[in-house]
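In what follows, a single structure is set out as structure tokens and then discussed.
Quick note: the coordinates plus some simple rules give every number you see, no bench work behind them. None of these values were measured; they are calculated from a predicted model. Cβ: placed from backbone, ideal geometry, glycine included. Neighbour counts: every protein chain shown.
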Amino acid sequence: MLQDRSVGDVPLTEADFDAISKRVREASGIVLGSSKRDLVYGRLRRRLRVLGITSFAKYLSMLDAPEGAAERVEMVNAITTNLTGFFRERHHFEYLERDLLPHLPRQGRRLRIWSAGCSSGEEPYTIAMTLHRSMPDLHAWDARILATDIDTEMVSKGAAGVYPADRIAPVPAELQRAHVHQLDGSTVRMGDDLKALIAFRQLNLLDSWPMRGPFDAIFCRNVVIYFDKPTQRALFDRFADMLVPGGHLFIGHSESLFRTCDRFRHLGRTIYQKLR
Ligand SMILES: C[S@@+](CC[C@H](N)C(=O)[O-])C[C@H]1O[C@@H](n2cnc3c(N)ncnc32)[C@H](O)[C@@H]1O
């Protein structure tokens with residue numbers, strides 16, 4: 001039997017935890033197993049402190065009130081795990097550079113890539129740097145990267161494109177020189193040439209999508225790991241609808257389409273290609 005979590009004077013009862021998990025799942029698709037109790041407690045206790053609320057029961061009433069919409073956004077922001085990095089899972093960008101971009105149909109010179117669940121922007125900026133490096137005639141292309149996340153704070157960070165200087169360590173030196181500007185000793189800013197390629201937007205992947213596509217590639221990495229199978233199945237099916245025939249889907253290292261979606265073939269190393 002789990003103990004009520006009571007640090008300070010605010011206990012999180014099992015009923016509170018279940019009610020919060022239900023609301024998080026409805027709002028984002030994120031499934032919070034009982035192993036996430038400490039995480040939920042720590043992150044939402046901070047919200048209670050900010051709001052001056054003295055119990056989780058009162059917090060739940062606030063979430064459910066008509067004027068609770070803004071706090072529902074804050075709750076999702078607090079719960080999401082935003083771990084990311086430049087050139088994370090580097091082999092995906094090597095594949096993009098060596099195998100995908102050189103074989104794009106040149107007719108129309110249109111390129112669309114979606115970073116779905118982009119967190120604070122390192123992933124779409126990495127895609128943008130890869131495009132610059134491997135497409136000498138990029139200026140002649142109608143190329144765009146859509147970067148979306150449910151977390152409004154992350155979307156703002158991505159759009160700002162300002163990072164602590166130590167975060168760019170994985171970026172190859174020649175790309176740093178070309179596209180990253182030092183603001184001061186401890187902060188860097190992504191170049192306007194990268195920013196011009198990327199549109200940052202808040203988007204819940206469970207909602208309807210305003211864009212028409214089609215995309216040549218979708219990066220949705222380390223996002224569906226937090227969803228249950230039916231949610232993953234529906235999402236991968238919608239990704240397939242959004243891709244051009246033969247379009248690519250990149251997922252996270254611990255994710256898989258096995259027994260979840262049969263509209264792709266596995267090319268290896270969590271890279272999938274939509275069947276024609
Ligand atoms: C661990 S980060 C992954 C970031 C990046 N794709 C990477 O692999 O480095 C997961 C991101 O998915 C976002 N996310 C979670 N649920 C989402 C949803 N329903 N719709 C859109 N984004 C979601 C989170 O806010 C978080 O920023």
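Annotations for the structure displayed:
- Computed packing ranks the peptides 146-159, 75-88 as 146-159, 75-88, most packed first, by mean other Cβ atoms within 10 Å.
- Under 20 Å from K58, Cα to Cα: lysines that are on another chain or at least 8 residues apart: K22
- Volume of the convex hull of region 117-180 (Cα atoms only), normalised per residue: 90 Å³.
- The calculated pair-distance distribution of region 193-276 uses every alpha carbon pair, bins of 10 angstrom beginning at 0, and gives 16, 52, 28, 4, 0 percent.
- For region 5-79, the direction-averaged projected area of the alpha-carbon convex hull comes to 4.4 nm².
- Along its three principal directions, the equivalent ellipsoid of the chain from the Cα gyration tensor extends over semi-axes of 36, 23, 16 Å, largest first.
- Converting phi to 3J(HN,Hα) with the Karplus coefficients 6.51, -1.76 and 1.60 and the offset θ = phi - 60°, region 254-266 yields 9, 10, 7, 9, 4, 6, 10, 8, 10, 9, 10, 10, 8 Hz in sequence order, with x at every glycine or proline.
- Region 74-216 shape via C-alpha gyration tensor axes, a/c threshold 1.5: oblate
- Cut-off under 5 Å, modelled amide H: who pairs with L111 long-range: D142, A143, R144
- The chain: angle of helix 229-242 to the longest principal axis, Cα-based, in degrees nearest 10: 30
- Nearest 10 degrees, 0 to 90: helix 69-79 Cα axis against the chain principal axis: 70
- The long axis of helix 14-28 is offset from the longest Cα principal axis of the chain by roughly 30 degrees.
- Rough spin-label spacing in nm, given labels placed 7 Å along Cα→Cβ, for K58 and E26: 2.2
- Take the Cα radius of gyration of region 52-140 and divide it by 2.2 N^0.38 Å, N being the number of residues; the result is 1.70.
- Distance from the alpha carbon centroid of region 57-91 to that of region 150-198 works out to 23 angstrom.
- Percentage of interatomic Cα-Cα distances in region 135-268 larger than 24 Å: 42
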